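Worksheet: the structure to be examined is printed underneath.
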Amino acid sequence: MAEAPVVQVSHVLDERGITSFQVQLVVWSVLIALFDGYDISAIALAAPHLVREWHVDRSALGPVLAASNIGVLFGSMIFGWVGDRYGRKTALIESLLLFGIFTWLGAHATDLTQMFWLRLIAGLGIGGVIPNMIAINIESAPRRSRATLGLIATGLVPLGGALPGFVSAALVPQYGWQILFLIGGIVPVLIAIGAFFWMPESIKYMSIRESQRGKLTRLLERIAPGYRVPEGARFVIEDERQAPGVNPKYLFGEGLAVITPLLWLLFALNLMGFFFVLLWTPTLLTAAKLPPATAALTIASLQVGGTVGTLLLIGWIRRQQFLAVTILLLVSVPVVGSIGWIGVSESKAALLAVSFIAGFCVLGVQSGINVCGALVYPTSLRALGSGWQLGVGRLGSIVGPLAGALFVSLPVAGLYLWSAMPFLVGAVVCYAVHRLNAARIRERPWLREVGAAR
């Protein structure tokens with residue numbers, strides 16, 4: 001019996017380069033990323049209004065500000081598994097519906113307890129977005145564009161995080177804080193409906209699932225006009241070694257026994273510092289007698305800086321990977337530490353400028369480790385690996401807001417100096433990952449073909 005012909009999926013992608021298929025996928029990813037970022041930030045902009053309308057103390061906001069991150073802690077792992085088992089597209093649609101519906105319900109909350117539980121459940125859905133969005137873009141791109149498309153897709157999350165700042169400044173005075181959650185709930189549901197009909201699935205995911213053979217055949221023939229998949233062909237991802245199953249224990253194989261837990265720690269440290277700044281800044285600046293509109297624009301500036309940083313740093317991060325991230329973490333320390341001092345100086349322009357630079361660095365770090373961390377795993381584990389990184393990392397994003405509640409009585413300037421310390425420790429951890437991953441690749445030359453070193 002003749003052996004079945006083989007279709008080398010990575011070779012087909014490399015040969016065709018960037019096509020309308022990848023552009024279509026990036027457009028859908030951008031839409032999803034915008035409202036993933038929006039829903040993460042909306043509660044921070046609503047918080048000062050909740051203090052005033054519900055007559056609660058600022059320190060009582062800690063659990064509510066941390067709630068969505070508690071959900072993300074579990075949602076990243078759950079939907080990472082869903083993505084590897086049932087498909088990246090399926091996981092993304094389910095995530096959008098979950099956080100969209102429960103964000104919309106948040107507009108109808110009447111106390112902190114209700115808001116806590118609604119934000120926690122919404123966080124489950126929010127957690128499913130990044131690992132699957134990274135996977136679907138990396139796995140459908142030519143080799144040289146994997147990190148670039150992954151960074152573009154995730155780079156728009158901070159821009160989405162800036163949108164509530166503009167909504168808060170423009171619409172909340174007229175419509176109330178509820179408008180933040182109404183917009184953040186309705187739009188993701190509409191995106192999910194559109195994605196069900198028109199968003200494509202990951203090419204490499206389909207190539208390792210026999211049930212997807214028909215869809216994959218049609219897709220490959222569409223993106224490579226004139227190419228015909230041989231009858232009964234066997235699809236292979238020739239530049240990757242697949243894990244034997246979707247099991248977290250495989251995240252520690254192939255030289256990853258130390259790298260995987262260090263990546264988890266790195267995610268936790270960066271998210272600890274970032275979410276303190278993101279979620280407490282509006283409340284702290286308002287308490288320091290700055291107008292609510294200024295506090296909202298500060299958060300918008302932070303998020304816009306993150307988007308600009310990610311997009312401008314794509315080439316550098318793609319080439320240097322964890323070394324570039326280490327440098328960004330070191331720069332983040334003095335920049336974030338200065339936010340409180342500049343905030344109380346009442347210089348609005350300086351405050352917006354330093355917030356922009358802080359976002360440029362800190363969110364550049366997050367986008368960088370989102371993509372670089374995912375690239376160390378094969379297709380069969382990529383969403384799971386990325387989901388565990390983001391999930392365990394969310395422990396840091398929970399600790400950050402809760403620590404803010406404990407130390408909120410400290411002077412604002414000193415509080416931001418302490419909030420910069422996770423970035424300093426993160427730089428040490430990231431450099432260790434850089435050295436260990438370089439050694440891992442030297443010992444396993446085939447990894448260079450996956451893109452883990454580039």
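A few points about this structure:
- Computed from label points 7 Å out along Cα-Cβ, the spacing between V236 and L424 is 5.2 nm.
- Ordering of 37-43, 93-99, 261-267 by burial proxy (mean other Cβ atoms within 10 Å per residue, highest first): 37-43, 93-99, 261-267
- Rough spin-label spacing in nm, given labels placed 7 Å along Cα→Cβ, for A439 and F196: 5.1
- Residues with amide H under 5 Å from that of R234, placed H, sequence gap 5 or more: V6, V7
- Equivalent ellipsoid of segment 1-60: semi-axes from √(5λ) of the C-alpha gyration tensor, largest first, are 52, 14, 7 Å.
- Summing charges over neighbours of L156, with a neighbour being any other residue whose Cβ is under 14 Å away from its Cβ, gives -2 when K and R count +1 and D and E count -1.
- Each listed q (0.14, 0.18, 0.24 Å⁻¹) maps to a log10 I(q)/I(0) for segment 8-113 from the Debye sum over equal C-alpha point scatterers, namely -0.72, -0.99, -1.35.
- Here the gap between E53 and R85, fully extended at 0.36 nm per residue and compared with their Cα-Cα distance, gives a gain of 7.1 nm.
- Kyte-Doolittle mean at least 1.0 and Cα axial length at least 18 Å: DSSP H helices in the chain: 20-53, 88-106, 112-127, 157-170, 178-198, 259-287, 292-312, 322-337, 348-375
- Burial ordering of V376, V258, fewest other beta-carbon atoms within 10 Å first: V258, V376
- For K289, the lysines whose Cα falls under 27 Å of its own Cα, not counting residues fewer than eight places away in the same chain, are K348.
- Between the residues A427, G340, A4, the greatest Cα displacement towards the positive end of the dipole of the chain, with unit charges on the Cβ of Lys, Arg, Asp and Glu, is found for A4.
- Each label point was placed 7 Å from the Cα along the Cα-to-Cβ direction; for L171 and Y227 their separation is 4.3 nm.
- Principal axis extents of the C-alpha atoms in segment 6-449 (largest first, rounded to whole Å): 70, 44, 36.
- Its Cα centre serving as origin, the chain has a Cβ charge dipole (Lys and Arg +1, Asp and Glu -1) of approximately 680 debye.
- Contour excess over end-to-end distance, with Cα ends at S211 and F74 and 0.36 nm allotted per residue: 46.5 nm
Where a number appears in this text, it was derived from the coordinates with a stated rule and is not lab data. What you see is a predicted model; the values in this text were computed from it and never measured. Ideal geometry is used to build each Cβ from the backbone, glycine not excepted, and the neighbour counts take in all protein chains shown.
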